[in-house]
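Student: One structure coming up, written as structure tokens, with questions to follow.
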Amino acid sequence: MTSRLAWAVLTTSFASGTRRPRTTATLRLAASFIAAIFLGLNLAGSLRRSGLPTNLPADWLGALVMTSGFVLFGLILLSIGAALSRTDALARLISTLPLPASTRRLVALIPPAIILAVTLAFATPVVMVLELPFGPAYFLAGAGAALALVLATGHAPALKALVFAVFTGTAIWLLTRSQPAAVYYLLSLPFLSLASRGHVRPSARPHRRLIQLPERSLPRWWFVLKLVRNRRSQLALSFSLALSVITATTIAWRDLGAMAGAGWLIMSAVLTAAVACDVRGLSPRHKAPEVEALGGLRYFLASQTRAAILIAILPPLPLIAVLLPHVPAAELLTYGLALQAAALMLGLLAGAIFVPRDGDTGAQFFAATLSTSALFALPKLTGFQSQPLSHHAVAWLAVALTALALIPLIETFRRHRYATI
Amino acid sequence: MRRAPALQVHDLQVRRSRNFALNVDSLWVDKGSVLCIAGANGSGKTTLIEAIVGLTPYQGSIRIMGRPIDLYPKQAKARLGYVPDDDQWFVPELTAAEYFALLSSVYERSGVSIRAHMSKIVQHTADRLKFKAFDQQLGSLSHGNKKKVQIIAALMHEPQLVVVDELRNGLDPLAIRAAEQLFKSLSARGVAVVAATHDLWWAERFAAEIVMLDQGRVILDAPTGTITAESGSVEAKFLALYGAARD
């Protein structure tokens, strides 16, 4: 691999559509690493100072850590994997060049490897502080990330979501029974093999439409068709639902509902934000026909937001169902709705900023990171973290409204800047 | 008093980079006329088209049917049909039928036309272009069929100015002929057609007037008949002008 090719991969992955791709890619990655290390050390320090109890049952702590590992590692890699499309111009170009197969594979691995490194820079100090007494949890978190990457590429998203869910469920079940590490290694092999089938042998079946709408509903709901018929959003929705079901099942099974109460809903908010940041990228960054050929920017944003609400409604449902016995319904619904609204709007805002297109790995990563980290950072930065949960609903609604107001400003700014360098 | 032309461009400036800016002092397209914008690669054809259809910011004045598009974008766009040279210019997840229905509802809501009438135009235009893939998702259509969808979508609301970027790209010879006849018949009914192309042979056959651009400036604006009478062909004039410009 030549340095020119490596730079081409880096710039198309992390600084696509920018004025100075090399400088931008370098700056963005440097900022990501610095932020990841800073946040990781900061969180590790907070955890150390909080004095974690040492007498917690290993099985549920393990299940908790592993689910978090899947969500954090898996989610980021899922969104990256979804972007690693064969329709990517650079991938298509490279496939026509006389390069060895190993170089082609290396080219495909560079962006996720860098993102994995950024994620590890954040996670390593946190995991070290936790001092978990069992090794398999680490392995499973890594296997979950690898599995997520394989699952996210290729075809048949619904089948892959099912494979992911079954794998995760089985792994958690084994973990709670303190099986030796070899069992997990053996377990991962058939799942990885099964998951890779869709990647290596793409389905040759013709593209089928999932749902149709009556003609009179099209003006208001056409974006829903766009969402449910697009492979990227199908993948993202399938996996967010699978992850939500896994988390809800774990909470119900290990009876963890009382531990954090409505606080568990942050998990579904993370899923919502990560999926929502991908919605804007379904349309082109500039000169989007969805804007210009239809009813203009206001119509586009209204249609997009209306359709994206589905993303905010579906993921929390399993969690709300298992938390209802432990939390008053009014508190759960008020807090849950406000949090989901904020997650949705933060996701759409991050999407409006980066517009992560198919194959635009860097934008995908930065948008997912911005939207999800904002959910954790905002309560701390604005100081409402220390307030009672009932006050959080108002704060999250304010966050949602602020993001909602910022989105058209960003889109208008982009329209005015189009092709004027 | 002379009636407003279909398109009127005055002191237009679009800056795309430090090295390139489009500067058009004046461009006038009457109703029912067919004008081709020709020029070498990078001469500013698509930039001019994008400014006319409101896709790119500009300085100066562009009027469609007498209305400035920056002041009356909705009214101007209601009178404008645009066929881009971009095969992603639609919502790729929708079927052709759904896309036309969606456009109809948008136009109907804007008071441009009524849906039943637009359905008839869609069917009529599709018949002429031999387009049948109404139930197929737009993203999965062939290159030529995507172009046909763009032509149908551009004409369904009966615009008074149609702007076409590289009409022939992607179309087979039969479809090109059908599209040409379609645009000629529209022109006969008073619709102005502005087409950007680098195919000078086609421009000579198709257009009544040719505008040539070089490095963002108009270097020729003349009737096709005058050009061919003076130079033998539009291509010969183009080569002579570009040769002179380079020298």
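The values are calculated or read from the model by the stated rules, or taken from the named source; none is laboratory data. None of these values were measured; they are calculated from a predicted model. All Cβ positions, even for glycine, are placed from backbone atoms using ideal geometry, and neighbour counts span all protein chains on display.
Student: Of the residues B:G190, B:G225, only one is over 21 Å from B:V24 (Cβ atoms) and either assigned to a loop (DSSP other than H, G, I, E, B) or touching a Gly at 6+ places or on another chain (Cβ under 8 Å) (or both); which?
Tutor: Exactly one residue qualifies, and that residue is B:G190.
Student: Under 9 Å by Cβ, and 6 or more places apart or on different chains, what pairs join a residue from segment A:93-108 that is part of a helix (DSSP H, G or I) with one that is among the hydroxyl-bearing types (S, T, Y) and modelled with pLDDT of 75 or more?
Tutor: Once the first residue is part of a helix (DSSP H, G or I) and sits in segment A:93-108, its partners that are among the hydroxyl-bearing types (S, T, Y) and modelled with pLDDT of 75 or more give A:I94/A:T103.
Student: Continuing with this model, one more query. Scan segment A:378-421 for residues that are over 24 Å from A:Q304 (Cα atoms), in contact (Cβ under 8 Å) with a residue 60 or more places away in the chain and away from chain B (no Cβ under 14 Å) and report the count.
Tutor: Summing the residues that are over 24 Å from A:Q304 (Cα atoms), in contact (Cβ under 8 Å) with a residue 60 or more places away in the chain and away from chain B (no Cβ under 14 Å) in segment A:378-421 gives 1.
Student: Still on this structure: Regarding B:A196, is this residue surrounded by fewer than 23 Cβ atoms within 10 Å (Cβ to Cβ) and modelled with pLDDT of 90 or more?
Tutor: It is false that B:A196 is surrounded by fewer than 23 Cβ atoms within 10 Å (Cβ to Cβ) and modelled with pLDDT of 90 or more.
Student: Next question. Within segment B:3-45, restricting attention to residues that are within 14 Å of another protein chain (Cβ to nearest Cβ) and on the phi > 0 side of the Ramachandran plot, which residue is nearest to the chain's Cα centre (by Cα)?
Tutor: The residue in question is B:G44.
Student: Within segment B:91-98, does at least one residue satisfy the condition of being touching a strand residue (DSSP E or B) at 6+ places or on another chain (Cβ under 7 Å), surrounded by 16 or more Cβ atoms within 10 Å (Cβ to Cβ), over 30 Å from B:A240 (Cβ atoms) and more than 11 Å from chain A (Cβ to nearest Cβ)?
Tutor: Taking every residue of segment B:91-98 in turn, none turns out to be touching a strand residue (DSSP E or B) at 6+ places or on another chain (Cβ under 7 Å), surrounded by 16 or more Cβ atoms within 10 Å (Cβ to Cβ), over 30 Å from B:A240 (Cβ atoms) and more than 11 Å from chain A (Cβ to nearest Cβ).
Student: Give just the number: which of (1) under 22 Å from B:D127 (Cα atoms); (2) in contact with a strand residue (DSSP E or B) (Cβ under 9 Å, 6 or more places away or on another chain) does B:M212 not satisfy?
Tutor: (1)
Student: Regarding B:L55, is this residue surrounded by fewer than 21 Cβ atoms within 10 Å (Cβ to Cβ), within 14 Å of another protein chain (Cβ to nearest Cβ) and not acidic (D, E)? Write out each step before concluding.
Tutor: Working: surrounded by fewer than 21 Cβ atoms within 10 Å (Cβ to Cβ): yes; within 14 Å of another protein chain (Cβ to nearest Cβ): yes; not acidic (D, E): yes.
Judged against the criteria, B:L55 is a match.
Student: Kindly indicate whether B:L102 is within 14 Å of chain A (Cβ to nearest Cβ), without any contact (Cβ under 8 Å) to a residue 12 or more places away in the chain and crowded, with 18+ Cβ neighbours inside 10 Å. Even if it seems obvious, please write down each step before you answer.
Tutor: Working: within 14 Å of chain A (Cβ to nearest Cβ): yes; without any contact (Cβ under 8 Å) to a residue 12 or more places away in the chain: yes; crowded, with 18+ Cβ neighbours inside 10 Å: yes.
Yes, satisfied.
Student: Moving on to the next point. Can you confirm whether segment B:162-169 contains a residue that is under 19 Å from B:D199 (Cα atoms), free of Cβ contacts under 8 Å to residues at least 12 places away in the same chain and buried (at least 17 other Cβ atoms within 10 Å of the Cβ)?
Tutor: no
Student: Of everything in segment A:217-232, what is within 9 Å of another protein chain (Cβ to nearest Cβ) and without any contact (Cβ under 8 Å) to a residue 40 or more places away in the chain? Give them in sequence order.
Tutor: Of everything in segment A:217-232, those that are within 9 Å of another protein chain (Cβ to nearest Cβ) and without any contact (Cβ under 8 Å) to a residue 40 or more places away in the chain turn out to be A:L218, A:P219, A:L225, A:V228, A:R229.
Student: Same structure again: Given the options A:T272, A:T249, name the one that is farther than 18 Å from A:L337 by Cβ, away from every other protein chain (no Cβ under 11 Å) and either among the hydroxyl-bearing types (S, T, Y) or over 19 Å from the mean Cα position of the chain (by Cα) (or both). Outline the logic, then answer.
Tutor: Numbers: A:T272 fails: farther than 18 Å from A:L337 by Cβ.
Step by step, each of A:T272, A:T249 is checked, and only A:T249 is farther than 18 Å from A:L337 by Cβ, away from every other protein chain (no Cβ under 11 Å) and either among the hydroxyl-bearing types (S, T, Y) or over 19 Å from the mean Cα position of the chain (by Cα) (or both).
Student: Would you confirm, using the coordinates I've provided, whether B:R128 is surrounded by fewer than 19 Cβ atoms within 10 Å (Cβ to Cβ) and within 9 Å of chain A (Cβ to nearest Cβ)? Working first, answer last.
Tutor: Details: surrounded by fewer than 19 Cβ atoms within 10 Å (Cβ to Cβ): yes; within 9 Å of chain A (Cβ to nearest Cβ): no.
Spelling it out, it is not the case that B:R128 is surrounded by fewer than 19 Cβ atoms within 10 Å (Cβ to Cβ) and within 9 Å of chain A (Cβ to nearest Cβ).
Student: Something else about it: Checking B:Q88 against (1) closer than 19 Å to A:E290 by Cα; (2) buried (at least 17 other Cβ atoms within 10 Å of the Cβ); (3) within 11 Å of another protein chain (Cβ to nearest Cβ), only one condition comes out false. Which one?
Tutor: B:Q88 satisfies every listed condition except (2).
Student: Right, here's the next one. Select from segment A:278-305 the residues that are charged (D, E, K, R) and more than 8 Å from chain B (Cβ to nearest Cβ) and write down the one among them that is surrounded by the fewest Cβ atoms within 10 Å (Cβ to Cβ). Spell out how you get there, then give the answer.
Tutor: In the first step, residues of segment A:278-305 are kept if they are charged (D, E, K, R); the result is A:278, A:280, A:285, A:287, A:290, A:292, A:298.
Subsequent filtering for residues that are more than 8 Å from chain B (Cβ to nearest Cβ) retains A:278, A:280, A:285, A:298.
Values: A:D278: 32, A:R280: 28, A:R285: 17, A:R298: 11.
The extreme case among them is A:R298.
Student: Next up: Within segment B:108-124, take every residue that is of a type in the set (G, A, S) and assigned to a loop (DSSP other than H, G, I, E, B) and give me the one that is nearest to the other protein chains (Cβ to nearest Cβ).
Tutor: Filtering first and then ranking leaves B:S110.
Student: Of (1) crowded, with 19+ Cβ neighbours inside 10 Å; (2) modelled with pLDDT under 90, B:V29 satisfies all except one. Which?
Tutor: Of everything listed in (1) crowded, with 19+ Cβ neighbours inside 10 Å; (2) modelled with pLDDT under 90, B:V29 misses just condition (2).
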